[in-house]
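Undergrad: Let me give you the structure first, and then I'll get to my questions.
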Amino acid sequence: MKQPVLYIVIPCYNEQEVLPVTAPLFLEKLESLIGQGLIAPASRVMFVNDGSKDNTWPLIQRLSAENEHFEGLCLSRNRGHQNALLGGLMEARSRCDITISIDCDGQDDINAMDEMVKAYHEGCEVVYGVRSKRDTDTFFKRFTAEGFYHLMNWMGADIVFNHADYRLLSSRVLGELAGYKEVNIFLRGMVPLVGFKSTSVYYERHERMAGESHYPLKKMLALAFDGITSLSVKPIRLITGLGLLVSVLSFIGVVWAVAASFAGMTVAGWSSTICIVCFMGGIQLLCLGVLGEYIGKIYMETKARPRYIISRRTWEEDEEESR
Ligand code: UDP
Ligand code: MG
């Protein structure tokens, strides 16, 4: 059995509190996987610094100087979790056989990695890490997060329930993923589109080991909106349906008004008129908003700007130093 080279890809944004706690745990896991003969000794933990404003990058540099199993990548500025993760995965692609992406806060159980790698040995090229329960989340977080998956699925974005971005991907899948050139990326929705044999492993989600979440409700809603509008056109179809419904209702209203005036019922209808005007105005604005969202997306996609820019790599700096 050939041992695959594994890269654990970890996006980090302002994580100076949690990185010193979790980095040794990732290393320990990597060494244990190497020890079990599941992965090759050339495997690495790769941190992607997503334009942090604190000491995250110096920390990553220090880690990579101390241990060859650590590597670091620095984006030129903050581009958000999805872009940072994609940047890391694309860098890792040519250097490894498999990647596992995971957050750096220790919330996802690293022990699920053993099972993920074993699933790869059994022929799976995509392994989704799925949360078995959400006991440690607050009621609000759980409610909003689970609502998020239901909303996404209902809106036509086909995603794995309770799976975030903890997953194993083979370099072949990454190669195919590289062909998806969109700027608005939502990896959870894109990976299932790539296909290949996949499976899920289940794990319990813990509390953050230190630091604070960077995904408040506002960002989560933005992610959901991006996910829906970049994967599906269902909202546009819903709007068409809504428009149709409103038209039918208005038609009935008009018939009623004409009939009423013929019947000699003088309608003192100022308020009802205003209601209808407001209602129509509201619907139209809503429709325009959603259409505008798609047009905005088209605009961004046609620009085809780079999704991330890498400014530094620890392994290159090491070479420069040794020169
Ligand atoms: N993250 C990132 N860029 C950002 C925000 C977050 O790279 O702009 C990283 C962050 O460092 C962490 C992961 O994305 O490793 C998930 O973020 P967080 O734990 O804050 O989100 P939550 O788990 O609360 O949803
Ligand atoms: Mg987290």
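Undergrad: State, to one decimal in nm², a quarter of the convex hull surface area for the C-alpha atoms of the stretch 89-137, i.e. the direction-averaged projected area. Could the numbers behind the result be given before it?
TA: Details: hull surface 17.1 nm².
About 4.3 nm², averaged over all directions.
Undergrad: P(r) for the stretch 1-97: what percent of alpha-carbon pairs falls in each 10 Å bin, starting at zero?
TA: Percent of Cα pairs in each bin: 17, 48, 29, 5, 0.
Undergrad: When the Cα atoms of the stretch 195-250 are enclosed in a convex hull and the volume is divided per residue, what value in Å³ results?
TA: Taking the convex hull of the Cα positions in the stretch 195-250, it is 188 Å³ per residue.
Undergrad: Please give, to one decimal in nm, the separation of the simple spin-label points placed at residue 121 and residue 172, each 7 Å out from Cα toward the Cβ.
TA: Result for the modelled spin labels: 1.9 nm.
Undergrad: Among all lysine pairs in the chain that are eight or more places apart or on different chains, how many have alpha carbons less than 22 angstrom apart?
TA: For the chain, qualifying lysine pairs total 17.
Undergrad: Per DSSP helix of 4 or more residues, -39500 (n - 2.57); summed, then divided by the residues of the chain. What does that give at 222 nm, rounded to the nearest 500?
TA: -17000 deg cm²/dmol
Undergrad: Among 194-204, 226-236, 254-264, how do they line up by average Cβ neighbours within 10 Å per residue, starting with the highest?
TA: Final packing ranking: 226-236, 194-204, 254-264.
Undergrad: Ok, one more. When the accessible area of the stretch 196-267 is computed with all protein chains present and a 1.4 Å probe, what percentage of it is carbon and sulfur?
TA: Carbon plus sulfur share of accessible area: 70 percent.
Undergrad: Another question, if that's okay. Can you give the FRET efficiency to the nearest 0.05 for residue 197 and residue 42, using r as the Cβ-Cβ distance and R₀ = 25 Å?
TA: For residue 197 and residue 42, the calculated efficiency is 0.50.
Undergrad: Pick from 62, 44, 237: which is most flexible by mean-square fluctuation in a GNM of the chain where alpha carbon atoms under 10 Å apart are linked?
TA: The residue with the greatest mean-square fluctuation here is 237.
Undergrad: Here's another thing I want to ask about it. Modelling each spin label as a point 7 Å along the Cα-to-Cβ direction, I'd like the residue 66/residue 304 distance in nm, to one decimal.
TA: 4.4 nm
Undergrad: Next up: Roughly how many nanometres apart are two label points built 7 Å out from the Cα toward the Cβ at residue 32 and residue 259?
TA: 7.4 nm
Undergrad: I would also like to ask the following. Semi-axes of the equivalent ellipsoid of the chain: what are they in whole Å, largest first, if each equals the square root of 5 times a C-alpha gyration tensor eigenvalue?
TA: Rounded to whole Å, the semi-axes are 49, 20, 19.
Undergrad: Next up: For residue 202, list long-range residues whose amide hydrogen, built 1.01 Å from N in the peptide plane, is under 5 Å from its own amide hydrogen.
TA: Amide H to amide H, under 5 Å and 5 or more residues apart or across chains, residue 202 pairs with 130.
Undergrad: Helix 139-154 versus the longest principal axis of the chain: what angle, 0 to 90°, nearest 10, using Cα atoms?
TA: The angle comes out at about 70 degrees.
Undergrad: Follow-up question, since we're still on this one. Report the calculated FRET efficiency for residue 210 and residue 114 (r = Cβ-Cβ distance, R0 = 35 Å), to the nearest 0.05.
TA: In this case the efficiency is close to 0.90.
Undergrad: So for the stretch 142-272, considering every pair of alpha-carbon atoms, how many percent are separated by more than 21 Å?
TA: I get 61 percent for the Cα pairs in the stretch 142-272 exceeding 21 Å.
Undergrad: Multiply the residue separation of residue 182 and residue 222 by 0.36 nm, subtract the distance between their alpha-carbon atoms, and state the gained length in nm to one decimal. Let's see the in-between values first.
TA: Values: separation 40, 0.36 × 40 = 14.40 nm, distance 1.70 nm.
Gain in length upon complete extension: 12.7 nm.
Undergrad: Right, another one. Take the Cα of residue 290, step 7 Å along the line toward its Cβ, and report every residue of the stretch 181-215 whose backbone nitrogen sits under 15 Å from that point.
TA: none
Undergrad: If you don't mind, there's one more thing I want to ask. Students often get this wrong: which residues of the stretch 91-133 have the backbone nitrogen under 16 Å from the point 7 angstrom along Cα-to-C-beta of residue 146?
TA: Taking a point 7 Å out along Cα→Cβ of residue 146, the residues of the stretch 91-133 whose backbone N falls under 16 Å are 131-133.
Undergrad: Right, another one. Amide H neighbours of residue 44 under 5 Å, counting only residues 5+ apart in sequence or on other chains, H built in-plane at 1.01 Å?
TA: Distant-sequence amide H within range of residue 44: 6, 7, 8.
The values are calculated or read from the model by the stated rules, or taken from the named source; none is laboratory data. Just so we're clear, the structure is a prediction, and the values are computed from it rather than from any experiment. We place every Cβ from the backbone using ideal geometry, glycine too, and count neighbours over all the protein chains shown. For the accessible areas, the whole protein counts, side chains as well, though only heavy atoms, and no ligand, DNA or RNA atoms are used. Shrake-Rupley method; radii C 1.70, N 1.55, O 1.52, S 1.80 Å.
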